[in-house]
Amino acid sequence: MTVQVFWFLPTHGDSRYLGSAEGARAVDLAYLQQVAGAADALGYEGVLIPTGRSCEDPWIVASSLIGATKRLKFLVAVRPGLHQPALAARMAATFDRLSGGRLLVNLVTGGDRAELEGDGVFLDHAARYEQSAEFIRIWRELIARSHEGQGFDYDGEHLQVKGAKLLFPPVQRPHPPVWFGGSSEAAHELAAEQVERYLTWGETPDEVAKKLADVRARAERKGRRVEFGIRLHVIVRETEEEAWRAADALISRVDDATVLRAQEAFARMDSEGQRRMAALHRKGASRSREALEISPNLWAGVGLVRGGAGTALVGDPRQVAERIGEYAALGIDAFILSGYPHLEEAYRFAELVFPLLPRQVRERLGGGSLTGPFGEVVANVDAPSRLLSQS
């Protein structure tokens, strides 16, 4: 199996240390262009752009980066309840055309009820999933029919459209692929019925295998096939010792009060996925490697203060590649990764781990088709050994 590797755009902020302004940097257009440009040039398949009140708007950010990238795909969030499915379909079709078919859609149902109510969404967990299922049905059908110029009616429990029509279809047929993540039974059912790729956060391989098996079985009963992806952080260094020192440094500025405040906020959410993330580091107050390494090279330290994806692969390049291989063996072929700070870590992961991943990813780096220097010339005379070995 070959794998696709995606990176992450930190539109909620970036830093060298979690939970601290020390080493932080402003996330402005210039910085986002640097991260996206690096991901594009290094050969990442695409970037995930997050959503929520702590983030810049994902659609505006993605649109601002079309001209700054060439091949990079954009996994952009759609949140049912914040806008109508017909408008979301027009936005998606426009972006897909302007970007030359580089859109992927991330369906986000949402897990922070207080945040959702602040945005005007007052549905409970079950009703949100019902609404999301209706939303994506309308969205998919409207875009699919646009290629033939047809209209569409739908009368659901939460959403209705009459004579809905999309005049300008997207590049991708029948529609840009829909990705979606969730850990509840309702989420698994929605994924099995409606989406092209199901996403999981970085739980242990055993737990991930159970989730994938459930979604796969539900999809098969509906005559469908769903692909799989995983969202993880990564801390890779040339040696395992260096990687674990970097992991310790990442949370070295976090105090107990900050952790407690973050965990109290997570506990108020009605997200099953967030509950599972929080449970990974409830082994006590210790922040030692023994307390937070929940599986070989899988570290739950990020989730002490960060919502959503809270685990990282930590190790040397070979170890990280092996862990990726274990998830790939379960059926996962899309890996959405991130590291702090995101610009430097995008380079580090590509340089250290890409050469160890399946050939399709490695070829994206350029291989023997380089047109300029690769590394620094030695003593103004010799090309670096890496270039010589490729010639």
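No value in this document is a laboratory result; all are computed from the given coordinates. Since this is a predicted model, take the numbers as computed values, not measurements. Here the Cβ is made from the backbone with ideal geometry for all residues, glycine too, and neighbour counts use every protein chain on show.
Computed quantities for the displayed model
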item: Top-ranked residue in region 96-114 [being closer than 14 Å to residue 178 by Cβ and hydrophobic (A, V, I, L, M, F, W, C); ranked as surrounded by the fewest Cβ atoms within 10 Å (Cβ to Cβ)]; result: 108
item: Selection from region 299-334 of residues that are in contact with a Pro (Cβ under 7 Å, 6 or more places away or on another chain) and aromatic (Phe, Trp, Tyr); result: 327
item: So residue 157, is it in contact with a helix residue (DSSP H, G or I) (Cβ under 9 Å, 6 or more places away or on another chain) and farther than 30 Å from residue 346 by Cβ; result: yes
item: Filter result for residue 105 (under 18 Å from residue 228 (Cα atoms), touching a strand residue (DSSP E or B) at 6+ places or on another chain (Cβ under 9 Å) and among the β-branched types (Val, Ile, Thr)); result: yes
item: Yes/no for residue 136 being under 23 Å from the mean Cα position of the chain (by Cα), assigned to a helix (DSSP H, G or I) and touching a residue at least 12 places away in the same chain (Cβ under 8 Å); result: yes
item: Residues satisfying the stated conditions in region 183-232, i.e. more than 21 Å from residue 143 (Cβ to Cβ), of a type outside the set (A, V, I, L, M) and under 13 Å from the mean Cα position of the chain (by Cα); result: 200, 201, 202, 228, 229, 231
